[in-house]
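See structure below.
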Amino acid sequence: MTKILIVDDERDVETLFRQKFRREVRSGDLELAFAFSGDEALRILSEDEPPEVVYVFSDINMPGMTGLELLKKVKDKFPTINVSMISAYGDTENYQKAMSSGAKEFFTKPIDFDSLKREIVGLITKK
């Protein structure tokens, strides 16, 4: 089973992801975990050694720790975990910061779930 962590301060994102990946979760191929802050995400990642999470999808704009700060901490502490950023703004500056900090992908809201699903299904098939 592939475990991914979605980090976003907007709680309705959990419902959206659960709907979009309902089939993959039901089949046992995918486990979804959710954090509503960067600090909560780091706690979840630190629960298991090594972490069960193989992929983090994080919003960039969050109160407290931003997604870009979380990206740096995840890549420093857990370099094998893939991290993709999600932003309501497709601005070049955030894109360049994310990619130069080690992000795998950069998605803009509203999320293109077909593209996101291809990314996640690629992870599942690699296992």
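Can you give me the accessible area per residue for the chain, using a 1.4 Å probe, in Å²?
55 Å²
Tally the DSSP beta bridges in the chain and give the antiparallel ones as a percent, rounded to 5.
0 percent
Counting only Cα, what are the radius of gyration and maximum Cα-Cα distance Dmax of the range 34-127, in Å?
Over the range 34-127's Cα set, Rg and Dmax evaluate to 12.8, 36 Å.
Which entries in K77/K117; K20/K75; K20/K77; K3/K72; K3/K97 show an alpha-carbon gap greater than 23 Å?
K77/K117; K20/K75; K20/K77; K3/K97
Rounded to the nearest 500, what is the chain's calculated 222 nm mean residue ellipticity when only DSSP H runs of at least 4 contribute -39500 (n - 2.57) each, over all residues?
-13000 deg cm²/dmol
Please list, in chain and number order, the residues 5+ apart from M65 or on another chain whose amide H is under 5 Å from its amide H, with Hs placed from the backbone.
Amide H neighbours of M65: G38, D39.
Starting from the Cα of R23, step 7 Å along the direction of its Cβ; do the same at R11; then give the gap between the two resulting points in nm.
Label at R23, label at R11, 3.0 nm between them.
With a 1.4 Å probe and every protein chain kept in, tell me what percent of the accessible surface of the range 28-110 is carbon plus sulfur.
Taking all protein chains in place, the range 28-110 shows 49 percent carbon and sulfur surface.
Using the basic label-point model (7 angstrom from Cα toward the beta carbon), what is the D114 to K3 distance in nanometres?
The answer from the label model is 3.2 nm.
Spelling out what I want: for every residue of the range 59-76, take phi, set θ = phi - 60°, compute 6.51 cos²θ - 1.76 cosθ + 1.60 (Karplus), and round to whole Hz; glycine and proline get x.
Working through the residues one at a time gives 5, 7, 8, 9, x, x, 6, 6, x, 5, 5, 4, 3, 4, 5, 5, 5, 5 Hz.
Using the Cβ atoms and a cut-off under 13 Å, what net charge is assigned to the surroundings of S37, where Lys and Arg are +1 and Asp and Glu are -1?
That sum, taken over residues with Cβ under 13 Å, equals -4.
In cubic angstrom, how much convex hull volume per residue do the alpha carbon atoms of the range 10-75 span?
86 Å³
Name the residues whose placed amide hydrogens come within less than 5 Å of the amide hydrogen of V56, ignoring near sequence neighbours (fewer than 5 apart) on the same chain.
L5, N82, V83, S84
Amide H neighbours of E31 under 5 Å, at least 5 residues apart or on other chains, H built in the peptide plane: list them.
Those lying under 5 Å, H to H, from E31 are T2, K3, I4.
The values are calculated or read from the model by the stated rules, or taken from the named source; none is laboratory data. Since this is a predicted model, take the numbers as computed values, not measurements. So basically every Cβ, Gly included, is an ideal-geometry build from the backbone, and we count neighbours across all protein chains shown. Each accessible area value is taken on the protein alone, full model and side chains, heavy atoms only, with ligands, DNA and RNA left out. Shrake-Rupley method; radii C 1.70, N 1.55, O 1.52, S 1.80 Å.
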